[in-house]
Structures are given as structure tokens and as C-alpha cells.
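The values are calculated or read from the model by the stated rules, or taken from the named source; none is laboratory data. Quick caveat, the model's predicted, so the values are computed rather than measured. When we count neighbours, we look across all protein chains shown, and the Cβ atoms used for this are built from the backbone with ideal geometry, even at glycine.
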């Protein structure tokens, strides 16, 4: 049995009630009518990316809410994946997998081993694509809350006062060994390097600034797989998997 299409809209749903009508942008209408091939009257579920979602139906001029909207509060602690920029479009796969796993924020990092550099108009175009990848992943996973994508940032700009920064590095204590350190923090940030990982100097500087170096197992993971793998471990550790 096919499931009701779940779509993210730009319109905010906080305060919306049954019978509220929402306008659609040209892009949203194209997605619903051309990509999903829906006709007026088709049932859908809509979300605003801020945790609000509810049942609706497509109309000739927009969307009609057909029931009460619900809200999913942000989880605690927040899980953040800081991924160093890999080659090509491997970052798209990282964003997709991390979003489907329920990451709360994604930070793109520039490290000494990052081959690509993003600046100016190129960076702006990349950010638009990243947001599109994340939005599509939210719809696939039926998530009402859409993670924010920020960056590119330097590794030394990741640490914040209320966050625990974990830096993936071969030979460091395994990620499960730091579970006790997660208690009481507002957010856990897992930083994963590009192909070849972070340099020893980058990791040493991060640790000197209060970060913890962690290992992601004995096998060598691809740059696009390491972050989601670590995120899955953290999700289980903080109780998101029950």
C-alpha cells in the first residue's frame, strides 16, 4: 500500500488550523503536480521544516488543511554533523543519509586536506543545492523538522560553549567510549574529515581547545559513509532509537 505523500512547504504551520489554506510557490506546485503527479483533491501531509505538520489536500489554487496540525519539539541533546568537504558531490550523499538518520544540523567544514574550495557565487549555488538535498531527504524520511545547513566553516570555528565537539581520528578511543561525556550537553558535534581524514595537527589543536578525539571502528570508512555511521552510534547512545 502506498503512503500519503509527505511534502515540505515554505509556509509556516504554527497557528494554522483545520480549514486553513496555504499558497504554493511555482516550484512546490510543479513538484506536486508534475513530479508526484497529484491532482486537486489528492490527500497529502505537509510540514514546514520547523517541527509542524498535518494532513491536507491539494486544491486548484494551493493546499487545504484537513485536520489539526501537530508539533514535534526539538530533541535534546541536538546532534550535529560537521563534515569536511569531500571530492565531487559526495557531500550530497552525506547530507542525504544524515538527514534521514535525524541529524539536527549539518555544518560543512574546510580542512587542510579538502581538495575543493567554495567561495562567492560557487558557494551560494552549493548552499541552494544542499538545502534541496536536505528537503528531499526529509520528505523521504517523513521528518517534520528540517536540519539547517551552514558553512563552509574552518575546523577551529566549530566549538561552541554549550556543545561537545567530537573529532573523528584513527586510533582514538572508540565513539561508544565517550557516551558518559554526553550527559548534560546541549549539543553533540561530530566532526568528520575528508578523504584522508583530519591532519594530526588539526586534531591536536581541536583537542587542546576542549574537543575529544574519537575512533569510528577498525575498518577504514569512505568519507561519505563515516559521518552517517558515527551519527547512527550517537543516535542510539542518546536514546533516539528507543
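If the condition is being in contact with a strand residue (DSSP E or B) (Cβ under 6 Å, 6 or more places away or on another chain) and not in a strand (DSSP E or B), then region 157-172 contributes 158, 159, 169, 172. Of the residues making up region 184-208, just one is under 19 Å from the mean Cα position of the chain (by Cα) and either in a helix (DSSP H, G or I) or surrounded by fewer than 15 Cβ atoms within 10 Å (Cβ to Cβ) (or both), namely 186. Screening the candidates 181, 219 for the property of being out of contact with any helix residue (DSSP H, G or I) (no Cβ under 6 Å at 6 or more places or on another chain), more than 30 Å from residue 125 (Cβ to Cβ) and in a loop (DSSP other than H, G, I, E, B) yields one hit, 219.
For residues that are in a strand (DSSP E or B) and under 20 Å from the mean Cα position of the chain (by Cα), scanning just region 1-38, find the one that is surrounded by the most Cβ atoms within 10 Å (Cβ to Cβ). Ranking the qualifying residues of region 1-38, first place goes to 7. Counting the residues of region 191-223 that are within 15 Å of residue 91 (Cα to Cα) and in contact with a strand residue (DSSP E or B) (Cβ under 6 Å, 6 or more places away or on another chain) gives 4. Being touching a helix residue (DSSP H, G or I) at 6+ places or on another chain (Cβ under 9 Å), surrounded by 15 or more Cβ atoms within 10 Å (Cβ to Cβ) and assigned by TED's automatic domain parsing to the domain that holds residue 189 is the requirement here; does residue 145 meet it? Answer is yes for this residue.
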